[in-house]
Amino acid sequence: ATFEERHGQLEQSRLILEDLNDRVPGLLAVSARLFHLKRRTGRFTDEQLIGSLKTEWANSQESRDRDGPEKELFWACELAWYLCRAKRIGEARNVLDSAIERSPGSSRLFRVRAEIEQYDKNLFGWCDRMCEIYERAANNDRMETWERVTFSGHLYGILERESKDLDRISAAYDLHRVLRKELQREQIRHQKSLEEDGEEVYESHDPGTGYTMKRVTQDNKGMFLNAPENKGPTIKTNVPSQRVADYSEVGGNYHTYQSSGAYGNSYTWQYNKGGK
């Protein structure tokens with residue numbers, strides 16, 4: 001399909017994707033490619049595109065029990081962004097709020113929900129609304145601690161740049177510090193368990209997206225082929241990529257975010273307050 005589109009055969013590309021979608025229904029990569037192919041042809045109005053996204057979102061909600069939440073989260077985020085482009089930010093909020101209610105532990109939904117508030121900075125109170133979302137996420141105990149640290153770091157950094165309320169800035173700093181300490185304690189407990197067991201089997205599960213990450217490292221002794229001494233941990237996961245958060249200090253690098261797209265590729269976005 002991609003080959004045909006690159007050579008200007010848009011109709012042939014569409015037929016290939018539609019045929020594949022009929023033969024193997026439910027593949028997110030195919031339905032997403034098909035939607036964006038229709039968008040690139042320029043034959044559809046914004047209202048038609050939004051209507052198509054609403055249909056995909058509704059279908060993904062119906063098949064959630066069978067296919068898991070990932071499709072619903074993907075289409076909710078896509079629909080919200082296109083509603084923003086059409087200056088229908090209120091509708092975008094409603095879509096994401098509904099999705100968050102169904103998947104309250106999804107950091108992805110909270111991230112997009114916060115980002116759409118700064119889509120139009122001419123709207124009054126955009127910063128306060130965005131910070132409110134970050135604060136909700138940072139206090140959400142359904143998320144992993146490192147995800148909450150990511151949100152608290154954003155909250156603190158934004159308030160430092162935008163707010164004149166020192167009490168609010170201080171509260172955000174205290175929240176970020178508490179969460180970072182909790183993350184450090186988790187890392188220490190995890191390291192101690194490694195030293196006691198000699199083998200690492202660590203699994204992190206996001207109930208909002210269905211992502212599961214398992215990191216396994218084994219002692220090289222006794223292996224059939226000894227690996228190099230500096231070999232890093234092996235990552236076993238049911239998705240192409242995972243989000244990664246790293247905090248060296250408060251006020252420094254707030255986060256590096258990696259997520260997988262519908263096509264198996266990954267995207268990385270890094271925010272660095274210090275400009276390093």
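The values are calculated or read from the model by the stated rules, or taken from the named source; none is laboratory data. Computed from a prediction, not measured in an experiment: that's the story for all the values here. Cβ sites come from the backbone with ideal geometry, for glycine too, and all protein chains shown count toward neighbours. SASA here: full protein model, heavy atoms, side chains in, ligands and nucleic acids out. Shrake-Rupley method; radii C 1.70, N 1.55, O 1.52, S 1.80 Å.
So here's what we get for this one:
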read-out: 3J(HN,Hα) from dihedral phi, segment 33-46, Karplus parametrisation 6.51/-1.76/1.60, rounded to Hz, x for glycine, proline; value: 4, 5, 4, 6, 5, 4, 5, 6, 5, x, 8, 10, 6, 4
read-out: Peptide ranges 42-49, 59-66, 141-148, 25-32 listed from the most packed, as the mean C-beta count within 10 angstrom indicates; value: 141-148, 25-32, 59-66, 42-49
read-out: Set of aspartates and glutamates with alpha-carbon distance to residue 87 below 14 Å, sequence-local pairs under 8 removed; value: 46, 47, 117, 120
read-out: Apportionment of accessible area to carbon and sulfur, segment 11-100, percent (1.4 Å); value: 48
read-out: Proximal aspartates and glutamates to residue 192, defined as alpha-carbon separation beneath 15 angstrom and excluding residues fewer than eight positions away on the same chain; value: 200
read-out: Per residue, the convex hull volume that the Cα atoms of segment 5-137 enclose (Å³); value: 112
read-out: Å² of accessible area per residue within segment 1-128, as computed with a 1.4 Å probe and no ligands counted; value: 53
read-out: Relative contact order of segment 1-73, pairs being alpha-carbon contacts under 8 Å that are 6 or more residues apart, as %; value: 20
read-out: Span from the segment 90-119 Cα centroid across to the segment 6-73 one, whole angstrom; value: 21
read-out: Potential lengthening between residue 163 and residue 91 on full extension [0.36 nm per residue; Cα-Cα distance subtracted]; value: 23.2 nm
read-out: Segment 69-159 - Kirkwood radius from inverse mean 1/r over Cα pairs (Å); value: 13.2
